[in-house]
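Visitor: Quick one: this structure, given as structure tokens, is what I'll be asking you about.
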Amino acid sequence: MTKLLTSILLFLCFTTLKAQVLPSDTVPAVIHHRTENGITKFTSELRPLRAIAGAPAPFYTYFWEFGDGGFSFEESPSHVFTRYDSIMVRLFATNNYDDGKRPPTRPKPIVRPPVTPKPAATKPMLASNGSYNLFKMGGNIEMKTNCMPKPGDDMMLVFGYRNKVENGQQNLNGTIAILFNDVEFSNNNFELVAARTYHNEKKTELKPLLNTAFLNKKTQEPIYYASLENGLNTSPIEKVLLKDQAKNFRSQQSWKFENLQQNEERFVFMHFKTTPEMLKDTNAVVRISGAFIPDNPLVETEFFNLELQIVASHDPNKMVLRKSRMNYRLTGKNRELTYKVRFQNTGKGPAKKIDVGVNISEVFDPSTLKVVNTKPVVVTCDSAYANQSCLKTFFRADSVHFVFTNIYLPGTQQKGVNDADSTQGFVEYKIKFKEKPPKLPIKSGAAIVFDKNEPIYTNRAVGRFKMGLSPGIIIGHGFPFKTDNGNYLNHKNVGVGATLSPYASHRYYWQAELYFNSFNEKTYQVPIGTEVRKDTVINNVAYQIMDKQLYRTTKVATINAVPLQMRYNLHKYAGVGAGALVALDMYNRTASELRYKLRTQNASGTTTDVDLNRAMEDIKDSFSEVRASFFADIQLGLVRVGPALGLRYIYDPKTNNNRITTYVSWKF
């Protein structure tokens with residue numbers, strides 16, 4: 001008994017120590033602050049990070065919402081409050097290269113300090129806190145998130161809008177809107193949990209503006225978080241109705257704003273919950289779009305498109321394939337795919353050389369590769385002068401390398417670096433297929449080397465083809481192995497019908513069939529005893545019955561369905577399949593007829609033979625019988641899309657009936 005109690009106590013102690021050693025993912029972020037001379041300094045206390053084996057050192061990124069319309073992405077920011085009524089400060093910390101969940105957010109109220117700040121508190125907030133440096137594209141609207149969306153996790157989005165000097169308006173009224181949940185995906189990707197406004201924005205309806213608001217497509221180019229380019233697209237301005245953009249999203253929210261002063265910047269903070277259904281589309285790219293719709297028609301309506309990659313873990317080094325779900329029917333040799341490799345220097349010093357190596361799938365034509373954008377923006381090394389920052393692109397057996405040379409990319413842990421965007425970069429390129437590729441996932445990954453450090457491997461960007469549906473027609477002709485005059489199933493028949501399967505499947509796929517079979521009318525004799533009577537009289541004429549036979553005529557029409565069939569394409573010219581066939585008699589008609597041979601004798605003594613037929617019962621039946629059979633077949637031809645010839649062996653275990661069907665099919 002003593003040993004048992006000792007064991008229990010030791011187990012409890014070990015469990016307690018283990019619980020104390022391992023940090024809990026449920027421990028919320030603890031916010032500390034101190035106010036001196038009207039400036040509030042914030043620090044945080046977070047659970048220890050847990051490194052992932054083989055990954056770079058883990059670290060936190062930060063997003064602070066100060067509760068008065070201000071924010072910061074710094075680790076330990078300072079802020080000047082102009083008011084203290086109901087101020088709640090929130091910290092959203094994101095754990096990068098960490099195997100746990102992100103620390104939960106616990107809002108902290110901020111009260112006025114005992115000593116009232118003197119001049120600093122009376123200054124306007126933006127003048128006290130400086131520029132938030134959000135509007136890097138030069139427009140009236142811009143958005144940024146604190147992280148890429150992770151299924152089941154939270155994500156914060158800063159929606160900024162302003163009245164820039166170029167608008168020429170001292171005061172501006174209008175509407176801002178957020179559009180999310182692409183109709184391209186079957187499930188919703190986001191839930192808008194909360195939206196916090198600080199300048200008396202009022203919720204409103206977007207529908208009245210859909211037919212009148214024109215969007216400026218100049219700012220509609222896809223923008224990736226942490227990959228913002230400087231300046232606007234210089235292509236000609238195109239206009240499109242807002243409703244044409246809104247129809248691409250299932251969810252929307254809009255607010256009315258008033259008295260937006262010239263050069264004034266305002267921010268709305270949106271708390272999104274990413275849905276668990278996102279797991280099905282991990283590594284896909286989703287969109288959140290914002291619209292800026294001024295009441296004054298002289299000011300352009302603007303549209304900002306934020307593209308985000310769904311991730312399984314938070315990692316600043318990512319490879320993204322835009323439009324990763326493709327329609328195979330529309331994919332050909334000239335189809336161009338756009339890849340983007342993002343990277344971030346997380347070191348303590350700047351990186352001067354970055355080698356981004358990307359494996360190239362064999363389905364691509366390397367000669368068609370074009371670099372379309374980079375950050376830092378550099379020239380090609382072929383056109384650079386000595387020691388100029390440049391990009392060199394070269395190919396190896398199955399990869400391409402993009403090498404940034406003589407650049408300066410700060411590190412996140414470098415002293416004096418507070419802007420996380422300055423530590424990030426990317427290379428974006430386009431590439432075409434050699435020919436129409438097989439319908440298989442296209443996988444690519446990247447290895448990033450900063451100076452002479454060990455390579456950092458990204459996720460694999462996977463391009464997949466949508467299933468698509470391939471309707472088809474089928475015409476078959478069946479015949480039996482043996483002849484049985486009493487069984488109409490063993491007689492030749494013709495079937496015409498339709499097939500439905502995934503479009504151009506590469507190997508395994510399911511197929512359903514439905515076709516109509518018409519069996520030719522069959523007449524056969526039924527044995528009966530012969531009855532001879534000499535006294536038969538027909539129309540007052542005496543006849544002698546010489547012979548009597550019973551004949552039956554049967555006609556059957558059936559519907560055949562193949563609800564379950566597995567097919568396998570050996571290659572593009574041959575395929576095999578097996579499945580179950582269910583036959584239902586739609587129409588079954590049986591007519592009986594007695595056939596007589598009669599003889600009569602006239603007055604002169606000569607005899608005359610007469611044939612006489614008399615109809616008996618006529619039986620009609622619909623949906624009278626259901627039969628199940630099993631089959632296996634082989635196809636030759638264009639078995640993925642196009643015409644093919646097939647030979648199918650069918651076996652009915654109930655009747656032990658065997659038959660072969662030859663058929664021609666054409667898939668579209």
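Visitor: Starting from residues that are among the aromatic types (Phe, Trp, Tyr) and part of a loop (DSSP other than H, G, I, E, B), keep the ones in segment 82-135 and report whichever is modelled with the lowest pLDDT. Working first, answer last.
Guide: First pass over segment 82-135, keeping only residues among the aromatic types (Phe, Trp, Tyr): 84, 92, 97, 132, 135.
Of the ones still in play, those that are also part of a loop (DSSP other than H, G, I, E, B) are 84, 97, 132, 135.
On the way: Tyr84: 86, Tyr97: 86, Tyr132: 74, Phe135: 89.
So the residue we want is Tyr132.
Visitor: I'm checking my understanding of the structure. Among residues of segment 25-54 that are in contact (Cβ under 8 Å) with a residue 24 or more places away in the chain and of a type in the set (D, E, K, R), which one is surrounded by the most Cβ atoms within 10 Å (Cβ to Cβ)? Working first, answer last.
Guide: Initial filter on segment 25-54 (in contact (Cβ under 8 Å) with a residue 24 or more places away in the chain): 25-31, 33, 35, 37-44, 46-52.
Subset that is of a type in the set (D, E, K, R): 25, 41, 47, 50.
Numbers: Asp25: 15, Lys41: 13, Arg47: 22, Arg50: 14.
For segment 25-54, the residue satisfying everything is Arg47.
Visitor: Being in contact with a Phe, Trp or Tyr (Cβ under 9 Å, 6 or more places away or on another chain), surrounded by fewer than 16 Cβ atoms within 10 Å (Cβ to Cβ) and more than 30 Å from Thr346 (Cβ to Cβ) is true for just one of Lys430, Lys439, Lys434. Which residue is that?
Guide: Exactly one of Lys430, Lys439, Lys434 is in contact with a Phe, Trp or Tyr (Cβ under 9 Å, 6 or more places away or on another chain), surrounded by fewer than 16 Cβ atoms within 10 Å (Cβ to Cβ) and more than 30 Å from Thr346 (Cβ to Cβ), namely Lys434.
Visitor: Oh, and also: For segment 373-415, which residues satisfy the criterion of being hydroxyl-bearing (Ser, Thr, Tyr) and either surrounded by fewer than 18 Cβ atoms within 10 Å (Cβ to Cβ) or more than 22 Å from Met319 (Cα to Cα) (or both)? Give the derivation first.
Guide: Within segment 373-415, the first condition is being hydroxyl-bearing (Ser, Thr, Tyr), and the residues that meet it are 374, 380, 383, 385, 389, 393, 399, 405, 408, 412.
Thr380, Ser383, Tyr385, Ser389, Thr393, Ser399, Thr405, Tyr408, listed by residue number.
Visitor: What residue, of Arg648, Arg599, is under 39 Å from the mean Cα position of the chain (by Cα), outside the structural domain of Pro438 (by TED's automatic domain parsing), in a strand (DSSP E or B) and modelled with pLDDT of 75 or more? So that I can check it myself, show each step before the final result.
Guide: Values: Arg599 fails: under 39 Å from the mean Cα position of the chain (by Cα).
Only one candidate passes the filter, namely Arg648.
Visitor: Going residue by residue through segment 342-355, is there one that turns out to be free of Cβ contacts under 8 Å to residues at least 40 places away in the same chain and either closer than 21 Å to Ile442 by Cα or not assigned by TED's automatic domain parsing to the domain that holds Gly425 (or both)? Give the derivation first.
Guide: First pass over segment 342-355, keeping only residues free of Cβ contacts under 8 Å to residues at least 40 places away in the same chain: none.
Scanning segment 342-355, I find no residue that is free of Cβ contacts under 8 Å to residues at least 40 places away in the same chain and either closer than 21 Å to Ile442 by Cα or not assigned by TED's automatic domain parsing to the domain that holds Gly425 (or both), so the answer is no.
Visitor: Next question, about the same structure. Mind checking which residues of segment 454-472 are more than 30 Å from His401 (Cβ to Cβ) and assigned to a strand (DSSP E or B)?
Guide: In the first step, residues of segment 454-472 are kept if they are more than 30 Å from His401 (Cβ to Cβ); the result is 466-472.
Once the filter is applied, which keeps residues that are more than 30 Å from His401 (Cβ to Cβ) and assigned to a strand (DSSP E or B), segment 454-472 yields Leu469, Ser470, Pro471, Gly472.
Here is a yes/no grid of residues against (1) in the same structural domain as Tyr457 (by TED's automatic domain parsing); (2) among the charged types (D, E, K, R); (3) farther than 13 Å from Ser313 by Cβ:
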site: Arg47; (1), (2), (3): no, yes, yes
site: Met88; (1), (2), (3): no, no, yes
site: Phe92; (1), (2), (3): no, no, yes
site: Tyr97; (1), (2), (3): no, no, no
site: Thr105; (1), (2), (3): no, no, yes
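The values are calculated or read from the model by the stated rules, or taken from the named source; none is laboratory data. From a predicted model like this one, the values you see are computed outputs, not experimental measurements. With ideal geometry, Cβ positions are generated from the backbone for all residues, glycine too; neighbour counts draw on all protein chains shown.
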